[in-house]
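Input: a single structure, listed below in structure tokens.
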Amino acid sequence: MAVQTGRGSGRTIVIKLGTSSIVDEKTHEPIFPILNVVVDTCCQLRKDGFNVVLVSSGAIGTGLRRMNMDRRPKHLPQVQAIAAIGQCRLMSQWDRLFHERGQPVAQILLTRNDIADRTQYQNAQATFTALFKMNVIPIVNENDTLAVTEIKFGDNDTLSAITAGMVQADYLFLMTDVDCLYDKNPRSNPDAKAIEVVESIEDLEADVSSAGSALGTGGMSTKIVAARYATSAGVTTVITRSSKPGNIPAIVSYIESQRSAHPSPRLHPTDDSSLAQTAVLNVAHTTSSRVPSRAPSRAPSRSSSPTQTAVAPLHTRFLPNPHPIRDRHFWLLYSLAPHGTIYIDEGAWVKMSGTSTRNLLPAGVVGVDGNFGQQEAVRVVVVQRYPTTDPAPHVHARANASGTSTPTSTPSSMPLAHHSSAKATVTWEEHNPAPKEVGRALVNYSAAEIRKIRGLKSTDIHEALGYADSSYVALRGNIAFYEDKKSRPATPALVDGGDGLD
């Protein structure tokens with residue numbers, strides 16, 4: 001077995017290619033010039049010592065070509081059948097191209113359900129590790145033949161981000177039909193400046209109306225979401241043009257040189273921070289209206305230096321979180337589909353955040369939304385509540401179109417929390433600050449049970465339910481927060497060859 005050498009030194013790069021990047025949107029023919037460059041690039045990165053994961057869409061587009069169909073079917077069983085036909089041929093194409101260069105590859109098909117189980121998630125990690133040690137390039141795709149809405153990742157941008165977090169990658173490249181993000185629409189503004197670095201996704205004000213191609217499912221908005229997932233796991237995420245995959249090594253070299261010049265790029269703010277906060281992303285994903293590849297002036301970069309003369313191919317990179325979310329916490333936040341919501345007060349959140357190991361007590365729970373069972377994942381939302389003896393509009397929550405929760409009034413006969421020893425009702429009211437989703441949790445009780453014990457002391461659980469399976473609504477080890485400087489160490493399987501089991 002070959003030993004990894006070179007500048008990569010076992011670091012990992014995940015490259016995501018969308019359907020429209022590798023399959024012609026009209027003829028459904030493979031775009032072999034791009035495929036060949038992708039393969040050459042991956043092989044070169046392997047020779048340089050990098051582990052490489054390729055997340056490839058294209059099964060449905062390839063299946064349409066094989067069956068001489070003009071457009072994607074409307075009914076799910078037909079779409080899944082086309083995906084089954086296309087995945088076989090798609091993988092055959094990749095295998096043939098890599099084989100011509102002497103590079104072995106492996107196929108990994110996933111659905112969210114496959115990694116919802118913690119042991120299966122760790123088994124997937126161990127498989128990736130074993131493939132890296134064998135100098136094999138894993139080619140990942142969603143298993144469209146089996147996936148339904150409830151267990152789909154939704155798009156391969158999300159899948160690539162979760163994969164990057166799973167393997168603790170150093171880089172995630174999201175290949176698209178634009179060179180980078182811009183401060184203004186480059187079609188209508190010749191003076192549009194390229195944005196090289198995005199330090200905070202939360203501050204990014206963007207038009208993300210692009211909905212993807214006719215063959216694919218992702219648009220620019222899904223890439224921003226994917227960047228949020230990946231950067232939270234400590235992965236540097238890059239958006240760049242898919243028609244120039246050969247630029248990837250040059251971009252990596254440029255980023256590495258920037259890091260050498262400025263080990264902490266966050267300490268070097270841009271001269272015009274507003275440029276990094278407004279990116280034009282509404283670029284139609286069609287061949288006829290692609291933004292031409294060009295070299296517009298660049299917005300000042302947070303990692304730029306007056307003495308730095310190196311110029312990289314156009315790209316936008318999202319800086320990784322300096323306090324990455326790893327392993328079990330990453331799995332809780334991004335691999336599990338939430339089945340409902342629990343609302344906790346600020347006091348409970350403060351006590352559990354940071355380096356605290358405190359568990360979630362029933363007394364800290366204000367409300368519940370949805371119907372979920374024991375050991376199912378739920379959203380954790382923080383609200384502020386007020387003790388009052390006066391009638392007040394009680395509130396519960398409903399999911400809005402974006403998937404977040406908003407308060408709505410309910411009759412005062414439906415309190416969200418109570419204390420059996422007090423006459424005053426504890427509630428959260430209409431003037432309450434907007435509820436804030438702060439994380440995810442695996443709960444010890446079902447939604448119906450938590451509704452009965454919310455606000456109670458642990459010693460009162462048995463009286464309320466007739467039994468007490470646990471003193472806690474959720475254990476701290478089963479709770480993960482988006483903004484939490486506490487992070488578990490790396491998975492053993494990815495460090496010392498262990499099996500990765502807890």
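Some values worked out for this structure:
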quantity: Residue ranges of helices (runs of 4 or more DSSP H) in region 10-66 with at least 3 members over 27 Å from the mean Cα position of the chain (by Cα); calculated: 32-47, 59-66
quantity: Residue satisfying condition, being at pLDDT 50 or above, over 34 Å from the mean Cα position of the chain (by Cα) and either of a type in the set (A, V, I, L, M) or closer than 14 Å to residue 381 by Cα (or both), within set 442, 465; calculated: 465
quantity: Selected residue (only one of 170, 155, 117 is closer than 27 Å to residue 228 by Cβ, of a type in the set (Asp, Glu), open to solvent by 10 Å² or more (accessible area, probe 1.4 Å) and at pLDDT 95 or above); calculated: 170
quantity: Single match in 19, 27 (criterion: more than 28 Å from residue 169 (Cα to Cα), of a type in the set (Ser, Thr, Tyr) and at pLDDT below 90); calculated: 27
quantity: Region 79-113, residues that are in a loop (DSSP other than H, G, I, E, B) and open to solvent by less than 90 Å² (accessible area, probe 1.4 Å); calculated: 101, 102, 103, 104, 111
quantity: Qualifying positions in region 120-148 - touching a strand residue (DSSP E or B) at 6+ places or on another chain (Cβ under 7 Å) and not in a helix (DSSP H, G or I); calculated: 136, 137, 138, 139, 140, 141, 142, 143
quantity: Residues (surrounded by 22 or more Cβ atoms within 10 Å (Cβ to Cβ) and either touching an Asp or Glu at 6+ places or on another chain (Cβ under 9 Å) or at pLDDT 95 or above (or both)) located in region 141-152; calculated: 142
quantity: Condition broken by residue 76, with the remaining ones in (1) closer than 25 Å to residue 220 by Cα; (2) touching a residue at least 12 places away in the same chain (Cβ under 8 Å); (3) crowded, with 16+ Cβ neighbours inside 10 Å satisfied; calculated: (3)
quantity: Flag for residue 424 being at pLDDT below 50, open to solvent by less than 70 Å² (accessible area, probe 1.4 Å), out of contact with any helix residue (DSSP H, G or I) (no Cβ under 8 Å at 6 or more places or on another chain) and of a type in the set (A, V, I, L, M, F, W, C); calculated: yes
quantity: Count of region 327-370 residues which are within 27 Å of residue 121 (Cα to Cα) and in a loop (DSSP other than H, G, I, E, B); calculated: 11
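The values are calculated or read from the model by the stated rules, or taken from the named source; none is laboratory data. Here the structure is a predicted model, which means the values were calculated and not measured. Methodologically, a virtual Cβ is constructed for each residue, glycine included, from the backbone with ideal geometry; neighbour enumeration extends over all protein chains shown. Side chains are part of the model used for accessible areas, which takes the heavy atoms of the whole protein and leaves out ligands, DNA and RNA. Shrake-Rupley method; radii C 1.70, N 1.55, O 1.52, S 1.80 Å.
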